[in-house]
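Chemist: Attaching a single structure in structure tokens format; questions to follow.
FYI, it's all coordinate maths here, none of it is from the lab. This one's a predicted model, so the numbers in the text were calculated from it and none came from an experiment. Cβ: placed from backbone, ideal geometry, glycine included. Neighbour counts: every protein chain shown.
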Amino acid sequence: MSDVIPQEENVPVIDEPTNFTDNNTKLDVKDVSTTEELNKLRKVAGRVPIEQNGQPGAIGAGQQVATALTLFFQFFCFITSIFGAILADQYIGRYNTIVLFCGVYMVGLVILTLTAIPAAIAANASFPGLIIAMVIIGLGTGGIKCNVSPMAGEQNTCSKPYVKILKSGEKVVVDPELTTQSIFHWFYLAINIGGLSPIITTNIEKYHSFWLAYLIPLLMFFFAISVLLAGKNKLIKKPPNGSVLLNCFRVIRVAISHDRSLENAKPSNMTADDKVKKRVTWDDDFVDQPLQCKLVPNDIMNNLDTIVLIIFTPLTNYVLYPLLLRCGISLRPITKIFIGFILASLAMIYAAVLQYFIYHTSPCYSQTLCLINDVNTPNNINVWWQSPAYVLVGLSEVLAVITGINYAYSNAPEALRSSVTAIFLSTNAFGSLLGLMFIPLTKDPYLVYLYIILSILAFITGLLLLYFLGGHDDMGEAENQKVDKI
């Protein structure tokens, strides 16, 4: 084989003129470039066949379509959480909402599995089936997300600190807030243990089939719903007491139309006619609540984030935070979230630097994957160099996401907990929506710019969070007085 001098833009390289294919296009001998043409003509990159002989893809729509669908799915999952909160608070309660949307989720999984069988793929039913399944699963996810964490927190019925003697004879204070914090750490730990499932399913889809990979979570959902139904009588289930979110929208609308003041949305400051016209169903205390609360294969590599979460979630809860408190250092909630954003920014900086070196590595350079002798060949760099980025992202989630869920729950009035949690989760939806803006950068050779932009956005967001919400960061002051926990 003749020596190949990598160019800035790669072309398919062959040993000698013979019949070959460029992706799915059959090329004849006459199409093969001669030595003279190689020396004179401008070289361009052929279409990179990511789905062929590389990472499996039954649809073959390409990386950009996959990225766009993923971001849409994330957006839809989080935005539908608002609907789930309204349904739970206004009509059927959190437990029944979770069970209902688990059923919806399972319907989506059934469609996803059936449209991934070989016959459906051959009939070109996989892509529309995927879209329908994503919408249904996204709806189910939204209905579950906003209600699971508040319901988990409500299982802690202790509202006042009490003294307990441990088996060692030590007398400690069992603090409700620290108990709730512990509940959310275990809750998030359980989520991320389940998040390790792609380690199995990605190998199954690569070496066996997509339908079997989708069948596994479907069967697991049967098991999960069975456990949920079996424990029905052991769970604390609070009845619906009206959708606070709907009333919040109405209060905001009235406030905007009356000098943009929430005080003017109080029934005591409204005329009888206004109460009828505005369909007022709230009282002054309801308006005061918002004022008082502090508003404010590659797939397996992704699981490094989950593994980091599984390791560091209990370590931070049971080792790091108590140790810092005993040393007189209090990491307050907003500070934790700020540090999380900074870690996310550092992760993107690392990814940008790494991608820069990938683009300067043979044999494909700025294309990262190219066709050489009819074989998809990546750049010569070890995939494990990506791991620090996933580790940093995982650490940022431990500090930012878990703290955010706990902060949203603990600082919301009881009637607002599902609504506040839904609003907190909806920020992920807008993050995914923002990600859609960067779809043009999700391909070679623009990934360096993508990571730099994400790093800057994370850093600026962290600074804005600290600037605007630092004054509300008082939950940690109370924690500073607590060195004992259960």
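Chemist: Give the Debye-formula value of log10 I(q)/I(0) at each listed q (0.14, 0.26 Å⁻¹), with one equal scatterer per alpha carbon of region 245-289, two decimals each.
Modeler: -0.24, -0.91
Chemist: In which sequence would C248, C327 go, from the one with the fewest C-beta neighbours within 10 Å to the one with the most? Can you show the working numbers first?
Modeler: Details: C248 19, C327 8.
Ascending Cβ contact count within 10 Å gives the list C327, C248.
Chemist: Given R₀ = 60 Å, FRET efficiency for D273-I372 by Cβ-Cβ distance, to 0.05? Mind dumping the intermediate values first?
Modeler: Values: r = 79 Å, r/R0 = 1.31.
It comes out at approximately 0.15.
Chemist: For region 158-291, what is the relative contact order in percent, using Cα pairs closer than 8 Å and at least 6 residues apart in sequence? Please list the in-between numbers first.
Modeler: Details: 64 pairs, mean separation 13.2, N = 134.
With pairs under 8 Å counted, the relative contact order is 10 percent.
Chemist: Can you sort R417, R253 by how many other beta carbons sit within 10 Å, fewest first?
Modeler: Listed from fewest to most nearby Cβ atoms, that is R253, R417.
Chemist: Could you line up T70, T271, T427 from fewest to most neighbouring Cβ atoms inside 10 Å?
Modeler: T271, T427, T70
Chemist: Could you give the nm distance between label points at N203 and N382, where each point is 7 Å from its Cα heading toward the beta carbon?
Modeler: Distance between label points: 2.1 nm.
Chemist: Cα gyration tensor of region 408-470, axes a ≥ b ≥ c as square roots of the eigenvalues: rounded (a/c below 1.5), prolate (a/b > b/c) or oblate? Don't jump to the answer; show the numbers that get you there.
Modeler: Working: a/c = 5.13, a/b = 2.00, b/c = 2.57.
Oblate is the answer for region 408-470, as a/c is 1.5 or above yet b/c matches or exceeds a/b.
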